[in-house]
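Laboratory data are not the source of any read-out in this text; all were calculated from the coordinates shown. Note that the structure is a prediction, hence the values are computed from the model and not measured. Cβ placement follows ideal geometry from the backbone for every residue including glycine, while neighbour counts extend to all protein chains displayed.
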Amino acid sequence: MQSYIPTPKNPWNAEKAAHLLRRAVVGVKPSEIERAVQEGYERTITRLFTPYTPPLGFIAEWVGKEPNGNQPPEGPGYEAWLADIVGRRTGFNQWWMKTIVEAPICLHERLLLFWHGHFTTSFSFVQHAEWMWTQHQLLRRHALGNFKQFVKDITVDVAMLWYLNGLENEKTEHSSAINENYARELLEIYTMGITDAKGRANYTQTDVREIARALTGWKMEQGSREGYWGIQSVFHPWRWDSGNKTVFGKTGAWKAMDIVDILFEQRSEQIAYFMCRKLYRWFVVADEQETPESLAIIRDMAKVFINSDWEIAPVIRDLLTSEEFFAQANIGCLPKSGADFFLGLLRTFEVSNISDFEASDTLAGRFNKNDMLLRMEELGHFLCFPPSVAGWNDGRHWLTSSSLAARLKLATRMMLGTMRFRNEWEPRYSVNILAFAKQFADVNNPKRLISALTTALWSVPADENEQAILLEVLMNGAADYEWNIDAEKLRPEERLRRCLAQIVSMPKFQLL
């Protein structure tokens, strides 16, 4: 994999900076593109790989503490119990979206979306936000860390044990209840896939069964009060199948961590290929079939992965700094996910007056502010509610007829200033249109302004026909020389709103 090195003939410029940031961050501000150009290529890469610890904000009162009872109380206390449970879950989801929108330039936030879609768990099964928060911290900690250790930790994570029935997987003196759910997903989805690069089976049903036996024995620690549960998993030897298991030709009285070691030892090439292909599709191009060129890049990534002893950061760094990543054919070809579209809009336009991000006096009050959650559901990217254990489909699957209709309605209303929250009369999701436009030079030259806006918001430049359409919307029948962004009688804000509503509705805005 050849590294990109800026030269006079192939310079680090606004186009390359915008491409890198759009793929590495959820929503990019024009000022961030300009700063990346000024600071240079190396410093921008360093900033992307610099960890960021977000403030806890309105979830600080409950994170890291015990959940509010695993079993609902009987009688009059039930409604309060349910409101607390739902309020925490809603609040966690809102906090995560707020973190993405308000974070500085940092690769972690987009990577967390990747890992959440890879190591899936869902509030549909995991009832308590405390458990999902614990897993979120695990994802954040390992996002650019060691993948082998990542797999070990996620295997015994409380939310994962609950989600894929690990808590039910046991063998005791009196009973045997081997549950294969996690063992199968560990192989099929989380590490190496059903088949290798040549279409050969990576494992057998016998492997699944033997691994499931080794994974027995894990439980959650019970808390200090009846009906309460802690947020740590513990190993109980008396629930573990202590007999010999044969996994990929290795026989022994294996436990969970032994299985991960054997897996990475005996199936290293398969794991490296599977994961690097998935990362390539996330960051570069999501074609169903690889080209010879992309296959070569994936193989190079796999070598780096194995040689670095499963460190994630070197693999992603090599990919994002490669000539392949910056190739013209790979710019503006990746469909935006629901989060990239909606949360990206909020971040790019620095949108304010968002109900989900406001504080609430009570946990129950959080649920009354959940406008964004419903919109994310419409877009098919409801965080913490993946459609299946395999997460979300990527690439063109994001652009369905229903999600596209929701995108167009959402984006145009936001630009026009007509988005409302439920039955409220006053508009929400405020965009300072004039301030956004005044970031650019020559704002009183309508043609150059159109060019600047499309360059900032589209990955692919506008063609002559698109520029003509947008110019007509902006000028609304007036001559070009009449345009002045400060002339109130010309209604510049109204015209800019219509123009930007058109820009975010056009096909090129759907692509990274």
In nm, to one decimal, how far is the modelled label at residue 269 from the one at residue 165, with both set 7 Å along Cα→Cβ?
3.4 nm
Given charges at beta-carbon only (K, R positive; D, E negative), |dipole| of the range 433-510 in Debye:
200 debye
Any idea what angle helix 30-39 forms with the longest principal axis of the chain, computed on alpha-carbon atoms, 0 to 90 degrees, nearest 10?
80 degrees
Considering only the other residues whose Cβ falls under 14 Å of the Cβ of residue 220, what net charge follows from Lys and Arg at +1 and Asp and Glu at -1?
-4
Sum -39500 (n - 2.57) across every DSSP H segment of at least 4 residues in the chain, then divide by the residue count to get the 222 nm mean residue ellipticity, nearest 500.
-14500 deg cm²/dmol
The range 257-312-the range 433-512 distance, computed between alpha-carbon centres (Å):
43 Å
Magnitude of the Cβ-charge dipole (Lys and Arg +1, Asp and Glu -1) of the range 307-395 about the Cα centre, nearest 20 debye, reported as 240 debye
Summed over the other residues with a beta carbon less than 15 angstrom from that of residue 402, with K and R at +1 and D and E at -1, the charge totals +2
Förster radius 60 Å - calculated FRET efficiency between residue 176 and residue 2 (Cβ-Cβ, nearest 0.05):
0.65
If the chain between residue 82 and residue 43 were fully stretched, how many nm would it gain, using 0.36 nm times the residue separation less the Cα-Cα distance?
9.2 nm
Among 57, 104, 149, the residue whose Cα sits farthest towards the positive end of the charge dipole of the range 54-184 (+1 at Cβ of Lys and Arg, -1 at Cβ of Asp and Glu, taken about the Cα centre) is 104
